[in-house]
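A short write-up of the structure that comes next.
The values are calculated or read from the model by the stated rules, or taken from the named source; none is laboratory data. This one's a predicted model, so the numbers in the text were calculated from it and none came from an experiment. Note that each Cβ is placed from the backbone with ideal geometry, even for glycine, and that neighbours are counted across all protein chains shown.
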Amino acid sequence: MTNHQVAPHLFVAFGATSDLMRRKLLPALYHFSEQYGLERRLLLVGVSRQKDLGDDGFRALAREALAAAGLPQTGHTDAWCDACLFFQPLGAGTPEDYRALAARLKALEKTHKFPGNRLFYLATPPDAFGPAITGLGQAKLHRSPGWTRLVVEKPCGRDPESAQNLNHLLQRYFDEPQIYRIDHYLGKETVQNLLIFRFANDIFEPLWHRNLVQSVQITVAESAGVGSRGNYYEQTGALRDMAQNHLTQLLTLTAMEVPVTFEPEAIRSEKAKVLRAVSPVRPEDVVYGQYTRGSVGGREAPGYREERGVAPDSVTETFVALKLGIENWRWNGVPFYLITGKGLPARFTQIAVTFHCPPVWLFQPRPATCSPNVLVFTLQPDEGFDLHFQVKAPGEPLELKTQRLRYRYAEAFGTLPDAYETLLVDVMAGDQTLFVRGDEAEAAWRIYAPLLAERPPTLSYPAGTFGPQEAARLMEWPDPALLYR
């Protein structure tokens, strides 16, 4: 990003005191100002119902958040907070409150000679989306002398109907090019480079189809439990929290066709085609799990039902394993496995593309099981790629060993930017490539509608293990530890 790509604008953040604001947005915006000299191009207006905070209180909150993020407190930090941060109370969210917000934005633009560009970010719980969108629209804040953009955090709905209703509300006031539905997983460098890996390296794209690929598994594993998020998780569960959005978006980027151009709408159209081609989920292709008391990393961990805010008889799933099929020419017959869970042995996110074994084995003695070639994209931690292949071990008798070619981004480029930083840059530049389009959001919910209508049984697994044993059988894993390639 260069300075000329970022027009002067107001960044208006609803949920100014939220955890997301403190942990992600404030550090990201400060990095921008420091790296790109945006002090005179970006003013942050925090919006919250907390009436007594004021400009000074919001600036103090920002200093605390930046210190907690490990940023040194310097003169530049204080100068940025004093010059660029403002607060506007929203009160009860009445039409008068939104008119007051509109007047404050106009006054700031007049004082700082800004052209009227505005970026509204809804860093709020999902139940606040509707009132905020309606308030902005009724106050005519969906239009301005410059550009207006709206960022909506996930989840976009709880089911197909609510996702469609949210889209209808958004489109009542905003045009689709103004709307940025954010999924922070798409801001990770390895996710973006998945497209470069496929489409800029001609040796890989010819391999990317049903004739050579045996299966694809997409895993988001978390070793921690729900912690203090028990109340939220009871209303959500692993399917809504992770599978419907993060894992499904990774699925689209892995399986999409080559776009006609490397432009936002061309890429998003190919992603939407993948979702429309996913066959209905069968009950026998889904395993739900819930962690019980166990040991994670050598430390005793409580069970889900022992967590704060969780019902003692809860059946909420903390683990989901799904087997999906894509009914198109490229992928028909190839199983796509989506796995996510809490209380697992390790924290990692990876996409593993497993290729078929050779059609005829030439070497003796024949191994008991085939060791296929596997291409693994690691999204976190230690982002990079690994290609697993067979080599001859030295000496006699003939023995084959699996080795790997290893690439890590940090070794080549140093520290990678935070996903939110990457995505906020794109919003400021007006690039929608890594954001979810309205029809994508609705199509993703439709895939999982059968599971919302009729829940699979929730099976138990001890914390520190890789989900219920039924998941290993579904995925045809001889050993769940195979995921830790």
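When residues in segment 49-92 are screened for being in a loop (DSSP other than H, G, I, E, B), within 26 Å of Pro125 (Cβ to Cβ) and either modelled with pLDDT under 90 or not assigned by TED's automatic domain parsing to the domain that holds Met21 (or both), 8 of them pass. Candidates are the residues of segment 358-405 that are assigned to a loop (DSSP other than H, G, I, E, B) and charged (D, E, K, R); the one that is nearest to Arg198 (Cα to Cα) is Glu383. Note on segment 358-374: among residues that are touching a residue at least 40 places away in the same chain (Cβ under 8 Å) and surrounded by 13 or more Cβ atoms within 10 Å (Cβ to Cβ), the one that is farthest from Glu300 (Cα to Cα) is Pro372.
Every residue, every condition in (1) among the hydrophobic types (A, V, I, L, M, F, W, C); (2) assigned by TED's automatic domain parsing to the domain that holds Arg446, yes or no:
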position: Lys140; (1), (2): no, no
position: Arg149; (1), (2): no, no
position: Ala163; (1), (2): yes, no
position: Asp175; (1), (2): no, no
position: Asn193; (1), (2): no, yes
position: Ser228; (1), (2): no, yes
position: Gln235; (1), (2): no, yes
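Taken as a whole, the structure leaves Val376 outside the set of residues that are among the β-branched types (Val, Ile, Thr), more than 30 Å from Leu25 (Cα to Cα) and over 19 Å from the mean Cα position of the chain (by Cα). Considering every residue within segment 321-338, establish whether at least one is more than 30 Å from Thr465 (Cβ to Cβ) and touching a Pro at 6+ places or on another chain (Cβ under 9 Å). No, segment 321-338 contains no residue that is more than 30 Å from Thr465 (Cβ to Cβ) and touching a Pro at 6+ places or on another chain (Cβ under 9 Å). In a residue-by-residue description of segment 104-122, the property of being within 21 Å of Val151 (Cα to Cα) and without any contact (Cβ under 8 Å) to a residue 12 or more places away in the chain applies to at least one position. Where helices (runs of 4 or more DSSP H) fall entirely within segment 106-217, those with at least 1 residues that are modelled with pLDDT under 90, out of contact with any Cys (no Cβ under 7 Å at 6 or more places or on another chain) and under 24 Å from Ala419 (Cα atoms) are at 189-199. Among the residues of segment 286-301, what is the count of those that are in contact (Cβ under 8 Å) with a residue 60 or more places away in the chain and either part of a strand (DSSP E or B) or surrounded by 18 or more Cβ atoms within 10 Å (Cβ to Cβ) (or both)? Of the residues in that region, 11 qualify.
Count of segment 256-277 residues, restricted to those that are hydrophobic (A, V, I, L, M, F, W, C), in contact (Cβ under 8 Å) with a residue 24 or more places away in the chain and in a helix (DSSP H, G or I), is 5.
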